[in-house]
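Novice: One structure follows; several queries about it will come next.
The values are calculated or read from the model by the stated rules, or taken from the named source; none is laboratory data. What you are looking at is a predicted structure, and each value in this text was computed from that prediction instead of being measured. Note: ideal-geometry Cβ built from the backbone for every residue, glycine included; neighbour counts use all protein chains shown.
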Amino acid sequence: MDYPKAIITEALIQFFENDYRRIEHALSVLHHALRIAENSSGSDHEVLIASALLHDVGIKPAEKIHGYNNGPLQEKYGPPEAERILQSIGMDNDRIRKISEIIGNHHSRSRYDYIELAILKEADAIVNRMESER
């Protein structure tokens, strides 16, 4: 089954509710990831979309538990949240595992040689630079 951007985007919006800044950030990262992927080969489109949209879902539980978030906490709490979200929409377990590994490594030195992880890191860096210039 293909998971269109709309299904995963809806799940993202339901997760972050009224946190429009985080929703906008994820959509912007997705935009840049898809543009980068146009010049790359071998990426799984669905893995890339889900990873880009859900890469920061660890922020919400980190802030609830610790009162703040940072890269390591996002990488700790993000994968279980993403897995729950993706299971709820029926994504297959192999893709969920890969997306979880990507989300759990998007701030760290790469432990995985996934093209989708490299694209996500580049897209997130672009968006973070743009946001810091505002």
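Novice: Taking the options Ile102, Ile85, name whichever one is among the β-branched types (Val, Ile, Thr), in a helix (DSSP H, G or I), in contact (Cβ under 8 Å) with a residue 60 or more places away in the chain and at negative phi. Steps first, answer last, please.
Specialist: Values: Ile102 fails: in contact (Cβ under 8 Å) with a residue 60 or more places away in the chain.
That would be Ile85, the only listed residue that is among the β-branched types (Val, Ile, Thr), in a helix (DSSP H, G or I), in contact (Cβ under 8 Å) with a residue 60 or more places away in the chain and at negative phi.
Novice: Please give the number of the condition Glu101 fails out of (1) modelled with pLDDT of 95 or more; (2) over 21 Å from Leu27 (Cβ atoms); (3) in contact with a Lys or Arg (Cβ under 7 Å, 6 or more places away or on another chain).
Specialist: (3)
Novice: Considering Tyr20, Tyr68, Tyr77, which residue is over 16 Å from Ile119 (Cα atoms), of a type outside the set (Val, Ile, Thr) and surrounded by 14 or more Cβ atoms within 10 Å (Cβ to Cβ)? Full working, then the answer.
Specialist: On the way: Tyr20 fails: surrounded by 14 or more Cβ atoms within 10 Å (Cβ to Cβ); Tyr68 fails: surrounded by 14 or more Cβ atoms within 10 Å (Cβ to Cβ).
Being over 16 Å from Ile119 (Cα atoms), of a type outside the set (Val, Ile, Thr) and surrounded by 14 or more Cβ atoms within 10 Å (Cβ to Cβ) holds for just one of Tyr20, Tyr68, Tyr77, which is Tyr77.
Novice: Here is a further query. Could you list, in sequence order, the residues of region 33-78 that are over 11 Å from the mean Cα position of the chain (by Cα), under 17 Å from Ala6 (Cα atoms) and not charged (D, E, K, R)?
Specialist: Leu34, His45
Novice: Out of Tyr68, Tyr77, I need the residue that is in a loop (DSSP other than H, G, I, E, B) and of a type in the set (Phe, Trp, Tyr). Which one? Write out each step before concluding.
Specialist: Working: Tyr77 fails: in a loop (DSSP other than H, G, I, E, B).
None of the other options fit; the residue is Tyr68.
Novice: Please find, within region 88-99, the residue that is surrounded by the fewest Cβ atoms within 10 Å (Cβ to Cβ) out of those that are assigned to a helix (DSSP H, G or I) and in contact (Cβ under 8 Å) with a residue 40 or more places away in the chain. Write out each step before concluding.
Specialist: First, pick out the residues of region 88-99 that are assigned to a helix (DSSP H, G or I): 88, 93-99.
Those left that are additionally in contact (Cβ under 8 Å) with a residue 40 or more places away in the chain: 88, 95, 98-99.
Numbers: Ser88: 10, Arg95: 16, Lys98: 19, Ile99: 32.
Filtering region 88-99 for residues that are assigned to a helix (DSSP H, G or I) and in contact (Cβ under 8 Å) with a residue 40 or more places away in the chain, the one surrounded by the fewest Cβ atoms within 10 Å (Cβ to Cβ) comes out as Ser88.
Novice: Please find, among Ala50, Ala33, the residue that is closer than 22 Å to Glu131 by Cβ and in contact (Cβ under 8 Å) with a residue 60 or more places away in the chain.
Specialist: Ala33
Novice: Within region 32-49, does at least one residue satisfy the condition of being among the hydroxyl-bearing types (Ser, Thr, Tyr) and either part of a helix (DSSP H, G or I) or modelled with pLDDT of 95 or more (or both)?
Specialist: From region 32-49, those among the hydroxyl-bearing types (Ser, Thr, Tyr) are 40-41, 43; that's our starting set.
Checking which are either part of a helix (DSSP H, G or I) or modelled with pLDDT of 95 or more (or both) leaves us with none.
Checked against the condition, which is being among the hydroxyl-bearing types (Ser, Thr, Tyr) and either part of a helix (DSSP H, G or I) or modelled with pLDDT of 95 or more (or both), region 32-49 yields no hits at all.
Novice: Output the number of residues of region 119-134 satisfying the condition of being under 12 Å from the mean Cα position of the chain (by Cα) and of a type in the set (A, V, I, L, M, F, W, C). Before the answer, list the steps.
Specialist: The first filter runs over region 119-134 and keeps only residues under 12 Å from the mean Cα position of the chain (by Cα), leaving 119-121, 123-124.
Next, only the ones that are of a type in the set (A, V, I, L, M, F, W, C) stay: 119-120, 123.
Count: 3.
Novice: Select from region 105-132 the residues that are of a type in the set (Ser, Thr, Tyr) and surrounded by 16 or more Cβ atoms within 10 Å (Cβ to Cβ) and list them in ascending order. Quick ask: steps written out before the conclusion?
Specialist: At the first step, the residues of region 105-132 found to be of a type in the set (Ser, Thr, Tyr) are 108, 110, 112, 114, 132.
Result: Tyr114, single match.
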